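So the structure is just underneath, and the comments pick up after that.
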């Protein structure tokens, strides 16, 4: 009975593992993409932040 049950559940188990693997890969790509966008944004604004923190720099809040 165990062998029959194991045989019947093999294909759905494989599909679940495959979907889970692709979901994990998609999550990893999303995290790497968000990290890249944030780092690009910070890199672009680093000079501006440095200028604003300089002595006698005028604060300009929008």
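What follows draws every value from the coordinates through simple rules; no lab data is involved. Computed from a predicted structure; not experimentally measured. When we count neighbours, we look across all protein chains shown, and the Cβ atoms used for this are built from the backbone with ideal geometry, even at glycine.
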Worksheet item: If you work out Cα Rg over 2.2 N^0.38 Å from the coordinates, which of [x] 1.18; [y] 1.26; [z] 2.41 do you get?
Response: [z]
Worksheet entry | Distance (nanometres) between label positions extended 7 Å along Cα→Cβ at residue 46 and residue 18 | 4.4 nm
Worksheet item: Relative to the present Cα-Cα distance, how much length would full extension add between residue 8 and residue 27 at 0.36 nm per residue of separation?
Response: 3.8 nm
Discussion item. Restricting to DSSP H runs of at least four residues, report the calculated mean residue ellipticity at 222 nm for the chain, -39500 (n - 2.57) per run over all residues, nearest 500 deg cm²/dmol.
Written reply: -31500 deg cm²/dmol
